[in-house]
Each structure stands twice: as structure tokens, then as C-alpha cells.
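Everything below concerns the one structure shown next.
The values are calculated or read from the model by the stated rules, or taken from the named source; none is laboratory data. Just so it is clear, the structure is predicted and the values come from calculations on it, not from any experiment. Quick reminder, even Gly has a Cβ in these numbers, built from the backbone with ideal geometry, and neighbours come from all protein chains shown. Just so you know, the surface numbers come from the protein's heavy atoms only, side chains and all, with ligands and any DNA or RNA stripped out. Shrake-Rupley method; radii C 1.70, N 1.55, O 1.52, S 1.80 Å.
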Amino acid sequence: MLYIETPTLNQIGALHRTRSDACVSIYLKTTAVTQDIGQSRTNLGNLVRKAITQLEEAGLPKRRIWPLEEHLAILQEDEDFWEHQANSLAILVTPERIQTYRLANELHDMVEVSDRFHLKPLLRTVTFAHVAYVLAVSENAVRLIEMSANSPAREIKVQGMPKDAASAVGKKSINESGAGRRIQGLEGQKVRLGQYVRQIDTALRPILQGTDTPIILASTLPVDALFRSLTSLPLADQSIETSPDRMTPAELAEAARPVLDAKYEREIQDFHSAFDKQTGQNRTTTDTSDAARAATFGGIDTLLVDFDSVTIGTVDEDSGAIKFADKPGASSYGIVDEIAGRALQSGARVLAVRKGDIPGGKELAAILRYPL
């Protein structure tokens, strides 16, 4: 089973604010098959040596390099940690601390060394979800299913979750009526279903409220419509429109994959439509220099970035002016990565996508809050 730790956008934003004389960002292809993880550990050793060489060449004192090396050495030797992996591993380390995220996305091995972290690969993990929750709800049962790209779907046991609608309201059936009742028939059934939905919502809120992981509802009318009208959970717009009672977790996960694909494609299409509309008002750009200035002054509303490319240089903290670098080193960083981080800090929506999804096939495309 994949062991997945997906960061939220808030966590990525906090990571972008990190500054140090040594920020090392390592992305490593891994596997959930424990007996095959040795190659990943070997590759990590090679990436660590590359990072240390860059820090030494930049003149960083040994007293700052040693604690960073120690963090990574401890991680490399942690057998328990390596027994539980996913498809990729993100390692973000400074001399003061180390953070790791085990990811469902399949990322290429890479290392970046700078005074800030390289975060575009993490943005990709929250742009296109390889993981999701399926909430299967009917009058007869409710289940929360966790799904991911390359591991079996599984049901999550939720404390306080009602068994079904009838037991949630203390009845043998939600259609039950009696003398003296103020509500009967269809009205009574709707009220009891509402009580059931609120109990489900209360049980799930500690787990799902505020998550960036998509939550896909599997249900039929009238439960689907009623659930959406009452819940506080951030549900995906599209549902699995079927009775989920007889479906296995694997079948629910399979039914959810087209919903995830459609969600991603819809987001890209919506961006292109908005980009075309705003271009006539001088509120778009695919120019890196213009985007850097706009991001610095909080001028980006929505940003697409190519998650695969890295253009090295620096972006001035005050003016947003770009200076390109000839080669990677500890004194430079990914320019587009920095633009994405600054856009996040000002509340922009940022998506890391394939280059072919970006207008003009550029490294980035931005919809601006005001004309250039």
C-alpha cells in the first residue's frame, strides 16, 4: 500500500517563506515495494553528494553543512521510514530541520540548492490529484473510501459515523410515522435524511474539513442533492451517480477516476477561456519577466506553470526584476518556482501543469488582477 503525505497549499505557502543560507530540495522516485527500495536509497546518496558539493563551492562554512548532512544521514539509515513509501519522495532540508512528503505522483530524481526551497513538484501534487476520497452515501449505509494511483482502495473507519439513516434517527425505517407526529410522509422522510446527513457531516469534519484532497460523492437522488445542500465538506462538483451499496472499494475507486480526470480538464479549459477573454483587456501574460514583476506586487490572479522545466536565476525581492544564471548553484534558484511562490503568498490560484496545457506552450501563463 502507498504511504502518502500530500501537503496542503497552506503548507506549501509556508515552505516558500523559508529562507536559509542552505535550503536543499530533493525529489526522489521511490516504490512501495520495500524489497526494491534500495535503488532509491542509492540515488538519494548521489543527490546528497551533489547538493553538498554545490554548498561547498558556494563557500558555506562546514559548521553549517554538517548539521544538514546529519539530517540526511539519519533519514538514509531509518529502516522503518524506508519500509513505508509511495511513488515519490520530497525531502526539504536546512541545517535546522528536515521535512519529508511521500507522494503519489511519479517525479523525476532532482536536487536544487539555494536560499529557498524548490516547490513546483509539490504544487503538481495538489494540482492533479492522484489521491481522493470517495464518500459513498445511501439510506442504507455510508462509507469513506481512500483511493490512490497505485495501491488498493480501502475503507476508512470513522469514529461517530452513523450506520444508516434509520439508526441515525432511532427508527426502524425513515418512512416510519405515528399518531401525533407533526411531520409524516415525504416531508418526514426528508427531515430524517437531513438528520442523517448532519451526523455524517459531523463525523467526517475532523478528517476532511479544509483538505485539498478531492472528495467525490457517490450517491443517488434525493440523497445526493440533500447532502450537497447541508454538508460543510468541500465536495467535488461531479458525483458518481449510482447506488454505491453493492460496490466494492475498488469499484468505487475505478468509478472516481474519470471524475478526477474531468475535474482536471475542466480546470484547464476554464483557465483558457478566462485567459482568452482577459487577453483583450491586457490582463494576461506569458512573459516570465512581466509575471515576476506582477507576482512581486501581488498582481497575479491565476497562474499556470510548467512543472517540469527549471530556468535558473534570481528574482529581485523588491522590484521583481529577473537575473538569469548560466548554471545551477547555491546562489540561484528556479525563477518560475519563485514566481509561483510569490503568487501563492498574495492569494493567487496556482496550478502546476504540463507545458502543453499552457497557452502558447510557454513556461507559464498568468491572468492578472489589473492591466499591464
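Among the residues that make up region 294-306, is at least one of them out of contact with any Leu (no Cβ under 6 Å at 6 or more places or on another chain), in a loop (DSSP other than H, G, I, E, B) and at pLDDT below 95? Looking through region 294-306, none of the residues is out of contact with any Leu (no Cβ under 6 Å at 6 or more places or on another chain), in a loop (DSSP other than H, G, I, E, B) and at pLDDT below 95.
Take Gln269 and tell me if it is part of a loop (DSSP other than H, G, I, E, B), more than 30 Å from Glu57 (Cα to Cα) and open to solvent by 80 Å² or more (accessible area, probe 1.4 Å). Reasoning before the result, please.
On the way: part of a loop (DSSP other than H, G, I, E, B): no; more than 30 Å from Glu57 (Cα to Cα): yes; open to solvent by 80 Å² or more (accessible area, probe 1.4 Å): yes.
No: the conditions fail for Gln269.
For region 219-266, a tally of residues being of a type in the set (Val, Ile, Thr) and open to solvent by 30 Å² or more (accessible area, probe 1.4 Å) returns 3. Scanning region 207-258 for residues being closer than 16 Å to Ala153 by Cα and part of a helix (DSSP H, G or I) gives a total of 10. Within region 335-359, being within 16 Å of the chain's Cα centre (by Cα) and of a type in the set (Lys, Arg) holds for Arg349, Arg354.
Would you call Ile74 modelled with pLDDT of 95 or more and open to solvent by less than 10 Å² (accessible area, probe 1.4 Å)? No. When residues in region 42-71 are screened for being at positive phi and hydroxyl-bearing (Ser, Thr, Tyr), 0 of them pass. For region 311-327, the count of residues that are under 24 Å from Thr18 (Cβ atoms), of a type outside the set (Asp, Glu), open to solvent by 20 Å² or more (accessible area, probe 1.4 Å) and in contact (Cβ under 8 Å) with a residue 60 or more places away in the chain is zero. Scanning region 14-39 for residues that are farther than 14 Å from Ser88 by Cα and part of a loop (DSSP other than H, G, I, E, B) yields a count of 6. Considering region 127-145, and only residues there that are of a type in the set (A, V, I, L, M) and open to solvent by 10 Å² or more (accessible area, probe 1.4 Å), the residue that is nearest to the chain's Cα centre (by Cα) turns out to be Ala129.
Looking only at region 307-358, filter to residues that are in a loop (DSSP other than H, G, I, E, B) and hydroxyl-bearing (Ser, Thr, Tyr); which one of those is farthest from Arg283 (Cα to Cα)?
In the first step, residues of region 307-358 are kept if they are in a loop (DSSP other than H, G, I, E, B); the result is 307-311, 316-321, 325-332, 346-348, 354, 358.
Among the residues that remain, those that are also hydroxyl-bearing (Ser, Thr, Tyr) are: 309, 311, 319, 331-332, 346.
Numbers: Ser309: 24, Thr311: 24, Ser319: 19, Ser331: 32, Ser332: 29, Ser346: 17 Å.
Within region 307-358, the match that is farthest from Arg283 (Cα to Cα) is Ser331.
Please determine whether any residue of region 40-49 is touching a strand residue (DSSP E or B) at 6+ places or on another chain (Cβ under 7 Å), part of a strand (DSSP E or B) and open to solvent by less than 10 Å² (accessible area, probe 1.4 Å).
Pass one, region 40-49, residues touching a strand residue (DSSP E or B) at 6+ places or on another chain (Cβ under 7 Å): 40, 43-44, 47.
Still in the running and part of a strand (DSSP E or B): none.
Looking through region 40-49, none of the residues is touching a strand residue (DSSP E or B) at 6+ places or on another chain (Cβ under 7 Å), part of a strand (DSSP E or B) and open to solvent by less than 10 Å² (accessible area, probe 1.4 Å).
Are any of the residues in region 338-347 surrounded by fewer than 22 Cβ atoms within 10 Å (Cβ to Cβ), under 22 Å from Asp21 (Cβ atoms) and of a type in the set (Asp, Glu)? There is no residue in region 338-347 that is surrounded by fewer than 22 Cβ atoms within 10 Å (Cβ to Cβ), under 22 Å from Asp21 (Cβ atoms) and of a type in the set (Asp, Glu).
The set of residues from region 1-39 being open to solvent by 30 Å² or more (accessible area, probe 1.4 Å), under 17 Å from the mean Cα position of the chain (by Cα) and of a type outside the set (S, T, N, Q) comprises Tyr3, Ile4, Glu5, Leu9, Ala14.
Hey, can you tell me all the residues within region 75-92 that are within 20 Å of the chain's Cα centre (by Cα) and outside any loop (DSSP other than H, G, I, E, B)? I'd like the intermediate steps shown before the answer.
From region 75-92, those within 20 Å of the chain's Cα centre (by Cα) are 84-92; that's our starting set.
Selection gives Ser88, Leu89, Ala90, Ile91, Leu92.
Of all residue pairs spaced 6 or more apart or on separate chains, those with beta-carbon atoms under 6 Å, a first member in region 158-177 that is at pLDDT below 85 and a second member that is assigned to a loop (DSSP other than H, G, I, E, B) and open to solvent by 60 Å² or more (accessible area, probe 1.4 Å) are Ser177/Gln184. Between Thr296, Thr279, Thr286, which is without any contact (Cβ under 8 Å) to a residue 12 or more places away in the chain and polar (S, T, N, Q)? None of the other options fit; the residue is Thr279.
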